[in-house]
Amino acid sequence: MNRLIKSLLLLATLSISSLAIAHEDHDHGDEQEEHAGEIAKGPHNGRLLEEGDFVVELAIFEQGVPPEYRAWATLDGQPLKPNEWQLSVKLNRLGGAIDNFVFKPQQDFLRGQSVVEEPHSFDVKVTATYKGKRYQWSYPSYEGRVELSPAIAKASGLTTAVAGKGTLQERIKLYGNLVADPLRISHIQARYPGLIRSVKPTIGASVKAGEVLAMVESNESLREYPLLSPIDGRVVERHANAGEFTADRVLFSVLDERVLELHLQVFPADASKIKAGQPVEVKADGQIATTRIEYITPRHGETPTLEVHAPVDNNAGTWVPNQSVEGWITTAETAVAVRIDRRALQTFRDWQVVFIKVGDSYEIRPLELGRSDGNYSEVLGGLNAGDEYVVENAYVLKADLEKSGASHDH
């Protein structure tokens, strides 16, 4: 059972009280008040704010216009003219951002002079003034918000990152393989022909530079001399046994596998984009290595292709000669002010969103996205540098919002 399934099972068994979901509510109410009864609505489908005989109806209007506040007032049930009273609204958003709205008379209502940006999730403070008397109301109005304890967040596998500046990479995917580095393989022959008296290593044995591989009796001097390994490495070929004559053949091949050579095939359409020194990310069987192009040569054969050559560190011994790999070559880099990991993106209504994290609260942020390299996307609006956002398993938060049956009703 993988980690994700375990997380979902744990969430299913935990008490629902430990995961409080703040419903999408453009009715500008809060869940505590809903327990006591429905939020009072006015004739314009706005929230009614009452103090004695003075009543304000506050609504978010977005039919054919960007979302804006509109407000109406009555005294003893009689409508007030918009120039007879004043209104201001202050919104405190998750993360500390504050939006202040001033209102001006228009037709039979007061109109907010700026757009109510999404998400419509905030703590609201309303101040109205009529004939020198001030009236105030405060209430929460949340949408797309989830409260999650650290224990449940950890069990759900949520991980976060901080939005900030970075680079977007233009990359080309090529295919090839890893081969033994020709500069790191040694083919060893006897210096003086003679009789092989003894042989030490077997095929696959590791040897050090200067280590004795065999003892040979020279035909001329009849004296024995050692055959030494010139490099550190592994014996990959052995053509020597005691009692045999050396002749002029290769007796041992020793390969240093600590660095392998990457070969990638480049077709003509991409040839102009590939240059020595460009970064390469090598991938195969869940392994990843990074290197840079060392040189480029024409590929042997009848196909009109080039071959990329680059060293790959294999000190850990995780790569194997002749292993098939894919290589992602970075051909250009573009700096951006704010970028996000694309794994964080979720769809919510008709938006692309991420969930920001503030304390134990998680809330959607609709995004305006720019360029992308497949791994990261540029953020043009909706998220600020320094905001912490959920990267892995954000869909768990989305599922909880959808399960809540939240609406976008004004």
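The values are calculated or read from the model by the stated rules, or taken from the named source; none is laboratory data. This structure is a prediction, so every number in the text was calculated from the model and none was measured. Cβ: placed from backbone, ideal geometry, glycine included. Neighbour counts: every protein chain shown.
Scanning segment 43-57 for residues that are surrounded by 21 or more Cβ atoms within 10 Å (Cβ to Cβ) and farther than 13 Å from THR74 by Cβ returns a single hit, ARG47. Taken across segment 114-126, residues that are of a type outside the set (Phe, Trp, Tyr), at pLDDT 95 or above and farther than 30 Å from PRO66 by Cα do not occur at all. Exactly one residue out of GLU368, GLU363 is closer than 23 Å to GLU62 by Cβ, acidic (Asp, Glu) and surrounded by fewer than 17 Cβ atoms within 10 Å (Cβ to Cβ), and it is GLU368. Counting only strands (runs of 3 or more DSSP E) that sit wholly inside segment 62-148, those with at least 1 residues that are surrounded by fewer than 19 Cβ atoms within 10 Å (Cβ to Cβ), of a type in the set (S, T, N, Q) and not assigned by TED's automatic domain parsing to the domain that holds GLY359 are 68-75, 85-92, 98-106, 122-130, 133-141.
What are the residue pairs meeting all of these: first residue in segment 121-143, first residue without any contact (Cβ under 8 Å) to a residue 40 or more places away in the chain and under 11 Å from VAL56 (Cβ atoms), second residue of a type outside the set (D, E, K, R) and surrounded by fewer than 16 Cβ atoms within 10 Å (Cβ to Cβ), Cβ atoms under 7 Å, and 6 or more apart or on different chains? As it stands, the answer is GLN136/THR127, since those pairs meet every condition given.
Kindly evaluate SER186 against the criterion of being over 18 Å from the mean Cα position of the chain (by Cα), polar (S, T, N, Q) and closer than 15 Å to GLU363 by Cα. Criteria not met by SER186. Here SER198 qualifies as more than 30 Å from ASN315 (Cβ to Cβ), polar (S, T, N, Q) and assigned to a strand (DSSP E or B). Checked against the criterion of being surrounded by 19 or more Cβ atoms within 10 Å (Cβ to Cβ) and in contact with a Pro (Cβ under 8 Å, 6 or more places away or on another chain), segment 155-178 has at least one qualifying residue. Restricting attention to segment 250-287 and to residues that are small (Gly, Ala, Ser) and exposed (fewer than 14 other Cβ atoms within 10 Å of the Cβ), the residue that is nearest to the chain's Cα centre (by Cα) turns out to be GLY286. Candidates ARG349, ARG343: the one that is charged (D, E, K, R), modelled with pLDDT of 95 or more and either surrounded by fewer than 17 Cβ atoms within 10 Å (Cβ to Cβ) or within 30 Å of GLU257 (Cβ to Cβ) (or both) is ARG343. The criterion of at least 1 residues that are under 13 Å from the mean Cα position of the chain (by Cα) is met, among strands (runs of 3 or more DSSP E) falling completely within segment 327-410, by 346-348, 351-358, 368-372, 376-381, 388-392.
Just checking, does segment 203-223 include any residue being part of a loop (DSSP other than H, G, I, E, B), in contact with a Leu (Cβ under 8 Å, 6 or more places away or on another chain) and within 30 Å of SER324 (Cβ to Cβ)? Within segment 203-223 (the criterion being part of a loop (DSSP other than H, G, I, E, B), in contact with a Leu (Cβ under 8 Å, 6 or more places away or on another chain) and within 30 Å of SER324 (Cβ to Cβ)), the answer is no, since none of the residues qualifies.
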